[in-house]
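Laboratory data are not the source of any read-out in this text; all were calculated from the coordinates shown. This structure is a prediction, so every number in the text was calculated from the model and none was measured. Cβ sites come from the backbone with ideal geometry, for glycine too, and all protein chains shown count toward neighbours.
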Amino acid sequence: MFNSLVKGSIILAMVFGIALTAAFIYAYEEISLDADKLINYKPETSSIIYDRNGEKLAYVFKKQHRLYARYDELPSFLVEGLIAMEDTKFFEHNGVNPDAILRAIIKDIQAGAFVEGGSTLTQQLIKNKLLSNEKKLARKLKEAILALKIEHELSKEDIIERYLNEISYGNNYFGVKTAANGYFHKELHEITLKEAAILIGLPNAPSFYNPLKHYKRALDRANNVLYRMKSIGWITQSDYLKAVKESPKVYRTSLTQNIAPGIVDEVLRRFKGKLGDIRTGGYQIYTTIDMKQQAIAKEAVDFSYKKALKKYNEKAKTSTLSVAFVAVESKTGDILAMVGGTDYKKSAFNRVTQSKRQPGSAFKPFIYQTALDMGYNPASPLTDLARTFQYYYKGKPKIWAPKNYEHDFKGFISLREALVHSRNLATINLVADLGVSTIRKRLAFLDVPHIPRDMSIALGNLGLSPLKMAQIFSVFANKGHMIAPRLVSKIVSKEGAVIYETRPKEIEGFTTPEQAYLMTDILKDVIKRGTGKNARVEGIELAGKTGTTNNNVDAWFCGYSPTIETIVWFGRDDNKRIGRGATGGALAAPAFAFYYKKLLELYPDTKRSFDIPEGVFKGEYEGKSELYTENSPLPDGDKKEVHPYDQIEEDEMLVEETDIREDIDPDDGEIGLAPTINIDDGPSIFDNNEEGTNEDEGDDDPLHPRRKVPKKPVSNDSGTLF
């Protein structure tokens, strides 16, 4: 009977052993899915946004702020300190340390409760990433099985890398690289032995040992780490004594360390839904922003904003007045500075990119450039005479009688002077002469949206953002070549691969360099002696145009230097009137000038004069010096090549810019009127190839319309009304 009992016990033990083995194998396979989260480790990793010079603008993340560190980035003493404190036999066991478990069981039995776990570094990683802190036998068994599987799949170095990237170090710093950067403002290769010891001691109780709240406690814990390393011979006595005496500086900084919130918001807005969630991909995002120029742009906005508040007796806290400012490198389209408002905390709305406002007279250069490219010259006479235009509103005929800001008219005025002094009537008559359809077709190549189909195009009656204005103004600043502004130059993945590079939209040959220079020369005069006098800066050539819309709702200054173009806008988000005298020259131009003054101080080697392209000549017309090109010849007079270039003497200036006045009664006798023209027709004096004009043969090209060079003043009016 005894033999039978023994035999039965052996069989039962074998069955139990087989069942236990089968259960272990089954559990081992069942938890493969959990183990995969560590084997194919892809944690949420913060992305970093930089300026063009590599200066850090901000960290962006979703929930956990984590900067990923590869194993080869980890200092050796950091790894040694971790192993010394948490798992001295880490490189010897296979994920589970039986000696540690036995020692823990004895202590638990003695205490009558779970007081020590005996977990290896691998098991601690599993507990933090995959399991709970629950102290139950089932959880410990699963933890052990997972540890064995992970050790079978990963190298020891891989496990350490995952551990040091997964663990929390307090203050929402996840991963040792994040903690080093946040607490010490250092990269891992820069930290000292004592700083490493502080980091090693943190995960055990991140809140309790937080150096921001409990600095002395954190130092004591670090000294324990150092003592342990010395006691097992992993650091020398001298290294130990030196480290113990050190008291590292700990920084109390925000998690994001966001020094340019408006720029960061714009980057996130542009890449929302692209590249997954950009906040968790661990990307390095390089912007085109120059933080030094960003700073002076903000100063320029503050300077002009305070002047405006004083002018209109408003307080910053209650004022609805706002400003937008953007500076773009003409050659590349790189956005160097962008200020979307006066106070980000008050309003995060980016008026540079998100608002669409009427540019008013700031849009006139595009009409005048079309005229130049069709054969007009800066000296070509334009008709500064009132016309009335008929249109229909809700089936009823209406009359539009635009006027100049000064309520006068000059008769005939040169194209240059008409733009320098922003004459509405001359511009409207020019549009009537060229034809609305000609201008619309050409502007479409600049990607201008919602171009008016009527004569209101003459006065900038369309909605554009300041950034779009920067894009289309690049035609002048970039020698006839349009380039769309870009904010992000490239994005690098956490593996180091360039996964995105910006290729801005470009339009080559909208006009030629010599034709674009004719416009630049006119716009230089706008600043020297026209409506943009407040934009003048000593020591640098600048060109630009003011813009003011009806009832002083919007005030613009759009201009450029030889290398940088700058757009400034003033207005109210509710589209209400700014106030009396709120012109582009009065409000926006001072911000423009402030920026360039500071730019010269910041970068003294900035290019200060415009290059004159080949093919630009100088001659005389009616006793005055004027520029001309092969495509834009002088009306008559002697011609000589411009080299070297001399400044042109100009007429006396007018200081006020023009405005729009609608629905004026044509019978009020206030101003003489030419015959009424149907506003929907967009007539051109060239429609019937009238005598006195030249036309090249062939079909029209919308981008390069046929030359139509006037031989007499561009008007159907005799001028007898003057």
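Using only the Cα atoms, work out Rg/Rh for the stretch 431-473, with Rh taken as the Kirkwood radius, to two decimals. Show your work: numbers first, answer last.
On the way: Rg = 10.3 Å, Rh = 10.8 Å.
A ratio of 0.95.
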List every residue whose amide H lies under 5 Å from the amide H of H65, counting only residues 5 or more places away in sequence or on a different chain, with H placed 1.01 Å from N in the peptide plane. F174
Rg and Dmax [Cα atoms of the stretch 500-651; Å; Rg one decimal, Dmax integer]: 17.9, 57
Cα-Cα pairs above 15 Å in the stretch 503-578: how many percent? 63 percent
Per-residue HN-Hα couplings for the stretch 544-558 [Karplus 6.51, -1.76, 1.60; θ = phi - 60°; Hz; x = Gly/Pro]: x, 9, 7, x, 9, 9, 3, 6, 6, 7, 10, 10, 10, 9, 10
Of all trypsin sites (Lys or Arg not before Pro) in the stretch 448-497, the ones in DSSP coil with at most 13 other Cβ atoms within 10 Å are R453
With DSSP loop assignment and no more than 15 other C-beta atoms within 10 Å, the GluC sites (Glu not before Pro) in the stretch 63-98 are E92
Sorting check: for 537-546, 417-426, which peptide has the highest mean count of neighbouring beta carbons within 10 Å, and how do the rest follow? 417-426, 537-546
The residues K242, K618, sorted from fewest to most surrounding Cβ atoms within 10 Å, come out as K242, K618
What residues have an amide H closer than 5 Å to that of L464, excluding those fewer than 5 places away on the same chain, when H is modeled at 1.01 Å from N in the peptide plane? R357, Q358
Segments 444-450, 577-583, 325-331 sorted - mean Cβ within 10 Å per residue, highest first: 325-331, 577-583, 444-450
Percent of Cα-Cα pairs more than 22 Å apart in the stretch 222-299, please. 57 percent
With equal scatterers on the alpha carbons only and no solvent term, can you work out the Debye log10 of I(q)/I(0) for the stretch 157-280 at 0.11 1/Å? -0.46
Over 28 Å between alpha carbons, listed pairs K311/K598; K42/K194; K37/K213; K56/K242: K42/K194; K37/K213; K56/K242
For Y251 and K307, extending 7 Å from Cα along the Cα-Cβ vector and measuring point to point gives, in nm, a value of 3.6 nm
Taking 0.36 nm per residue of sequence separation and subtracting the Cα-Cα distance, how much length would be gained by fully extending the chain between R608 and D72, in nm to one decimal? 188.2 nm
HN-Hα couplings for the stretch 583-590 via Karplus (6.51, -1.76, 1.60; θ = phi - 60°), in whole Hz with x for Gly/Pro, come out as 9, x, x, 7, 9, 7, 4, x
Please report the projected area of the stretch 483-542's Cα convex hull averaged over all directions, in nm². 7.0 nm²
Taking amide H positions as placed 1.01 Å from N in the peptide plane, with prolines and chain starts having none, which residues 5 or more places from L321, or on another chain, fall under 5 Å of its amide H? none
For the stretch 139-224, average projected area of the Cα convex hull in nm²: 6.5 nm²
Can you list the HN-Hα couplings for the stretch 323-335, worked out from phi with the Karplus curve (6.51, -1.76, 1.60; θ = phi - 60°), rounded to whole Hz and with x for Gly and Pro? 9, 10, 9, 9, 10, 10, 6, 4, 6, 10, x, 5, 6
